[in-house]
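Undergrad: The structure is given below, and queries will be raised subsequently.
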Amino acid sequence: MKFVADGMLGKLTRWLRMIGQDVKYSNQSEDAELIAAAEKEHLVLLTRDLELYKRASAKGIDAFYVEGQTEAEKLAGLAARFGFSLAIDLNRSRCPKCNTQIQSTPKEKLADKVEKNTFAHYEEFWLCPKCGSVYWQGAHWKGICATLEEAKKIKGSQI
Ligand SMILES: [Zn+2]
């Protein structure tokens, strides 16, 4: 399952990539470009724009109207509809910035890419081979897990 997300869904896109979903995104995509990409590349169009949703659906494109206020609510809705897991495993994650699969990388190789304190504190790192971003389970990690746990609860309570 691959997705293309509209320009309003930048934050949700980053979350989906983190849990391993393949999401195409640009904050400058016009509606017509989104529809064309979905059609040509067989992507599911994710949108919070009801007009765009209707336009895409009328063309036979698989579109999903994203509801919910919090990221947890939005993720729960998507996971329920498309049946993917809300677990996070960085070995399966995509780079939130560029959608490339990140790779577990020995920390010795990253000494010049990570701040000294971070380098000293953590043992496991992941590198995006495309944009060079480095990831680790840092201060935000608990918050990320808490949001995903909340999403699982919301999903579980839906009929
Ligand atoms: Zn990247």
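Undergrad: Filter the range 120-159 for residues that are touching a strand residue (DSSP E or B) at 6+ places or on another chain (Cβ under 8 Å) and not in a loop (DSSP other than H, G, I, E, B); which is farthest from the ligand (Cβ to nearest atom)?
TA: Taking the candidates together, the pick is Phe125.
Undergrad: Please list, ordered by residue number, the helices (runs of 4 or more DSSP H) wholly in the range 1-75 having 2 or more residues that are open to solvent by 70 Å² or more (accessible area, probe 1.4 Å) and of a type outside the set (Lys, Arg). Walk me through how you get there before you give the answer.
TA: Values: elements: 10-18, 31-41, 50-58.
By residue number, 31-41, 50-58.
Undergrad: Given (1) farther than 26 Å from Leu90 by Cα; (2) in contact with a Lys or Arg (Cβ under 9 Å, 6 or more places away or on another chain), identify the lone condition not met by Tyr53.
TA: For Tyr53, the exception is condition (2).
Undergrad: Let me ask another. Checking the conditions here, which among Lys40, Lys97, Lys74 is basic (Lys, Arg) and touching a Gly at 6+ places or on another chain (Cβ under 6 Å)?
TA: Lys74
Undergrad: Filter the range 82-123 down to residues that are open to solvent by 80 Å² or more (accessible area, probe 1.4 Å) and touching a helix residue (DSSP H, G or I) at 6+ places or on another chain (Cβ under 7 Å), then give me how many there are.
TA: The total comes to 1.
Undergrad: Let me ask something else about it. Can you list residue pairs whose Cβ atoms sit under 6 Å apart, with the first residue in the range 115-144 being at pLDDT 95 or above and the second being basic (Lys, Arg) and not in a strand (DSSP E or B)? Count only pairs 6 or more apart in sequence or on different chains.
TA: Phe125/Lys107; Cys131/Lys97; Ser133/Lys97; Val134/Lys113
Undergrad: Of everything in the range 66-90, what is over 16 Å from Ala146 (Cα atoms) and among the β-branched types (Val, Ile, Thr)? Give them in sequence order.
TA: Val66
The values are calculated or read from the model by the stated rules, or taken from the named source; none is laboratory data. In this text the structure is predicted, and so the values were computed from the model without any measurement. A quick note on method: Cβ atoms are made from the backbone with ideal geometry, for glycine too, and the neighbour counts reach across all protein chains shown. Accessible surface areas use protein heavy atoms only, side chains included; no ligands, DNA or RNA. Shrake-Rupley method; radii C 1.70, N 1.55, O 1.52, S 1.80 Å.
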